[in-house]
Amino acid sequence: MVSQTASLLESVRFLDRTLLNILLYDRTTRRNILWATTDYVSYGSAFDEFCEIKPELITGKYATLIQPRITKSQFMRLGRTRDKAEVFTPSWICNKQNNLIDRQWFGREDVFNVEKGNSWIATVGPISFEGCKKGWQKYVDAQRLEITCGEAPYLVSRYDTVTGEMIPLNQRIGLLDRKMRVVRENTDTAEEWLDWAQRAFESIYGFEYQGDNLLLARENLLYSYIEYYYERFYQMPGILLLRKIARIISWNIWQMDGLKCVVPGSCKPEENQQFTLFDYFGDDGFYIGEDSSQCPGCARGDICRHTGCYCRIMDWRAKRSKTFLSMMKGGKS
């Protein structure tokens, strides 16, 4: 099935301009996601680190500008590893770690696949939930997060991010891939499949700093939906449905500085700075306070005091957005 749809997937960017706009949209800022990397500045000022990624900058003559890590030059890969600690995990390691999550959920090993050294073989037959305290619906709804997700190999495993090899649909090991297998095995009607496939996409999250990686992650999720839809219905999903799924993806896979929980580059010096209990005077009588040229959160390493734009994500069951920081703190804002 993957080989049958591969050529279709490569044309998604050009299939519908609105669809591409959704994939580039930042739900927090209500603008486009940022490049957040200096790798493309040689192409012009529009490619500067904190400029938005516009459709015209990744289509037409720039259609092949953003590429998966495996196809980037060795020089660029080494630079990103040095500057952003970007190291992509082989799929067999992603599988091992995802298996640990499912071992905890099911209380047994080898639920979705059997590990074979640096590979694996998918189990045969429907996944059994017998003996589990929670049924398959709870498994699909269980929220999962991939931090600093890169191209999202822990969520969807369309290809091995290290070797570049495509992975057959029935052998995929991502957290979302597992949910989609459960949906396929437990839904009978088209309506049921569509409902639970959407819920599966609503349940997985990931954040990434660099804009090119983020776009690739979003595309990988959208492409995965197309592939699973094709497997179920033997045709491409309609544009309106793809826009709906893309909107979910644009909420759940978001751009964020993971150390600050804010949009990259959004911290600014605090205006109209006032004295606080943390400010004091030294022995010589001179005021010693925070550096007014810095965001107070950055200056003090306080994640709650950044002047930047705190990222928001969607709680689909509650039907309301929340700041990611509030979810870390257990709050509701």
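Quick notes
- Of the residues examined, residue 183 is one that is crowded, with 18+ Cβ neighbours inside 10 Å and not in a strand (DSSP E or B).
- Any hit, the range 49-57, residues being at pLDDT 85 or above, over 21 Å from residue 249 (Cβ atoms), among the charged types (D, E, K, R) and exposed (fewer than 13 other Cβ atoms within 10 Å of the Cβ): yes
- Annotation: of all residues in the range 1-36 being at pLDDT below 95 and among the hydroxyl-bearing types (Ser, Thr, Tyr), the one that is surrounded by the most Cβ atoms within 10 Å (Cβ to Cβ) is 5.
- Cβ-Cβ under 8 Å pairs, at least 6 apart or on other chains, the range 233-244 side charged (D, E, K, R), far side not in a helix (DSSP H, G or I): 243/16
- A residue that is free of Cβ contacts under 8 Å to residues at least 40 places away in the same chain and either over 14 Å from the mean Cα position of the chain (by Cα) or over 20 Å from residue 93 (Cα atoms) (or both) cannot be found anywhere in the range 203-210.
- Residue in the range 68-75 that is among the basic types (Lys, Arg), modelled with pLDDT of 55 or more, not assigned by TED's automatic domain parsing to the domain that holds residue 311 and not in a helix (DSSP H, G or I) present: yes
- Count of residues meeting criterion [closer than 22 Å to residue 59 by Cα and either touching a strand residue (DSSP E or B) at 6+ places or on another chain (Cβ under 9 Å) or basic (Lys, Arg) (or both)] in the range 217-243: 5
- Of all residues in the range 279-304, those satisfying the criterion of being at pLDDT below 90 and assigned to a loop (DSSP other than H, G, I, E, B) are 279, 282, 283, 284, 285, 286, 289, 290, 291, 292, 293, 294.
- Considering the range 84-114, the residues that are surrounded by 12 or more Cβ atoms within 10 Å (Cβ to Cβ) and of a type in the set (Asp, Glu) include one that is modelled with the lowest pLDDT, namely 86.
- Residue list for the range 128-152, filter: of a type in the set (A, V, I, L, M, F, W, C) and either free of Cβ contacts under 8 Å to residues at least 24 places away in the same chain or closer than 30 Å to residue 259 by Cα (or both): 129, 140, 142, 145, 147, 149, 152
- Matching residues, the range 305-333, being surrounded by 11 or more Cβ atoms within 10 Å (Cβ to Cβ), at pLDDT 85 or above and part of a loop (DSSP other than H, G, I, E, B): 305, 306, 307, 308, 309, 311, 316, 317
- When residues of the range 205-252 are limited to those that are farther than 20 Å from residue 187 by Cβ, in contact with a helix residue (DSSP H, G or I) (Cβ under 8 Å, 6 or more places away or on another chain) and of a type in the set (Asp, Glu), the one surrounded by the fewest Cβ atoms within 10 Å (Cβ to Cβ): 219
- Taking residues in the range 104-116 that are over 20 Å from residue 169 (Cβ atoms), and partners anywhere that are surrounded by 13 or more Cβ atoms within 10 Å (Cβ to Cβ) and modelled with pLDDT of 95 or more, the pairs with Cβ atoms closer than 6 Å and at least 6 places apart or on different chains are 109/103.
- Any hit, the range 251-263, residues being in a helix (DSSP H, G or I) and either aliphatic (A, V, I, L, M) or at pLDDT 95 or above (or both): yes
- Picking from residues in the range 115-145 that are exposed (fewer than 13 other Cβ atoms within 10 Å of the Cβ) and outside any loop (DSSP other than H, G, I, E, B), the one that is nearest to the chain's Cα centre (by Cα) is 138.
The values are calculated or read from the model by the stated rules, or taken from the named source; none is laboratory data. Given the structure is predicted, the values throughout are model-derived calculations rather than measurements. A quick note on method: Cβ atoms are made from the backbone with ideal geometry, for glycine too, and the neighbour counts reach across all protein chains shown.
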